[in-house]
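Structure, as structure tokens:
The values are calculated or read from the model by the stated rules, or taken from the named source; none is laboratory data. Remember, it's a predicted structure, so these values are computed and weren't measured experimentally. In this analysis, Cβ positions are derived from the backbone assuming ideal geometry, glycine residues included, and neighbour counts consider all displayed protein chains. Side chains included, ligands, DNA and RNA excluded: accessible areas come from the protein's heavy atoms. Shrake-Rupley method; radii C 1.70, N 1.55, O 1.52, S 1.80 Å.
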Amino acid sequence: MRSLRSETMDYGKLVGDSFGFAKESLVGKWVHWLLLIISCIIFPLIIGYMLRIYRGADKAPELDHWGSMFIDGIKLLIVGLIYWIPVFIIAFVVGLSALVTAAMAMSTPGSANPEGLMALIGGFLFAVIILIIVWIIIEIIMATAVVRFARTNSFGEAFNFSAIFAHIGKIGFVPYFIALIIMAIIIGIIEIICMAIPYIGMLLLLIITPVILLFQARFLALLYDSAGTA
């Protein structure tokens, strides 16, 4: 796989190569595209396919060995679920805080302590901010962890935080973060445009999802390799 050195991170080339990969993989290969759409519905399949791209494929991998692809997808989903445990816990606390706040607000007039209610609302907002920060941190780490897992096929390496942060450091924390923001913005814009189209927006989003996922997988693989190591 071609490498983009972190000292001269070319974001335009990173985006262009990723879109080019998705285009080459799908345009004119309608059966392949249709099978990937079906794989998006059977979620572990498309995740397993993305894992093949994370491993450094320079062209679209074949859609074969469906059983192993499904199992790979399950493994990667397990990695993701473990990473998301802190988010689930904080979300539960935030939801519980919201319920308590709502219960106090709807209680009998005069029975609620205004200062206590404001403290609950402040605590709820603080918990939401913490939730967002934790979510962002997890997404930043996972962008490298999923590729590391694909390259090593080791659950332990997916959570080898010292190695993960060392790898990000080789890319450069600022270029790495900027690249992830660019990727998120591009994907977000595509999804918003699709969903904004009346009547057929969701169908269009389903059709274009393979493009988004192949773009993302190639983007993260290239970003990982910009450290100059496999």
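The table below lists the values:
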read-out	value
Matching residues, region 19-43, being surrounded by 13 or more Cβ atoms within 10 Å (Cβ to Cβ), farther than 21 Å from residue 73 by Cβ and either in contact with a Gly (Cβ under 6 Å, 6 or more places away or on another chain) or of a type in the set (A, V, I, L, M, F, W, C) (or both)	19
Given (1) over 16 Å from the mean Cα position of the chain (by Cα); (2) modelled with pLDDT of 90 or more; (3) surrounded by fewer than 14 Cβ atoms within 10 Å (Cβ to Cβ); (4) not charged (D, E, K, R), index of the condition residue 96 fails	(2)
Output for region 198-221, where each listed residue is more than 15 Å from residue 40 (Cα to Cα) and open to solvent by 60 Å² or more (accessible area, probe 1.4 Å)	198, 199, 200
Index of the failed condition, residue 79 passing every other in (1) surrounded by fewer than 16 Cβ atoms within 10 Å (Cβ to Cβ); (2) part of a helix (DSSP H, G or I)	(1)
Whichever residue in region 152-183 is open to solvent by 60 Å² or more (accessible area, probe 1.4 Å) and not β-branched (Val, Ile, Thr) and, among such residues, is nearest to the chain's Cα centre (by Cα)	177
Odd one out for residue 61 among (1) open to solvent by 30 Å² or more (accessible area, probe 1.4 Å); (2) over 21 Å from residue 205 (Cβ atoms)	(1)
Residue within region 135-150 that is modelled with pLDDT of 80 or more, of a type in the set (Phe, Trp, Tyr) and open to solvent by 70 Å² or more (accessible area, probe 1.4 Å) present	yes
